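Just below is one structure, and these are the notes that go with it.
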């Protein structure tokens, strides 16, 4: 688990901005490739607001192909990397 500068991820009025220089290598991309893949819609992301004892925290998860990266933004703006939540591809039922 590591921490990053508070400017790496910012949340203003519910809009989350992530520094491409931080995120890109986590997904195995250059910053330019990350931006291109985002424009194509190839990067999936989820933001979750904390509740109860996690109120004020926001967890963000990004996925690209087989890679994933998760960070928690603490109420003071500190960014802490976390192990991404389990992700399993949808089970497909064969048509018979």
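Here, each number is a calculation from the coordinates, and none is a lab measurement. Small disclaimer: the values here were computed from a predicted structure and weren't measured. Cβ sites come from the backbone with ideal geometry, for glycine too, and all protein chains shown count toward neighbours.
List of remarks:
- With neighbour counts taken as other beta-carbon atoms within 10 Å, the residues 40, 35 rank, fewest first, as 40, 35.
- Likely footprinting exposure, 52, 19, fewest C-beta neighbours within 10 Å first: 52, 19
- Extending 7 Å from the Cα toward the beta-carbon at both residue 57 and residue 82 defines two label points whose distance is 0.5 nm.
- Gyration tensor verdict on segment 3-82 (Cα atoms; rounded if a/c is under 1.5, prolate if a/b is larger than b/c, oblate otherwise): prolate
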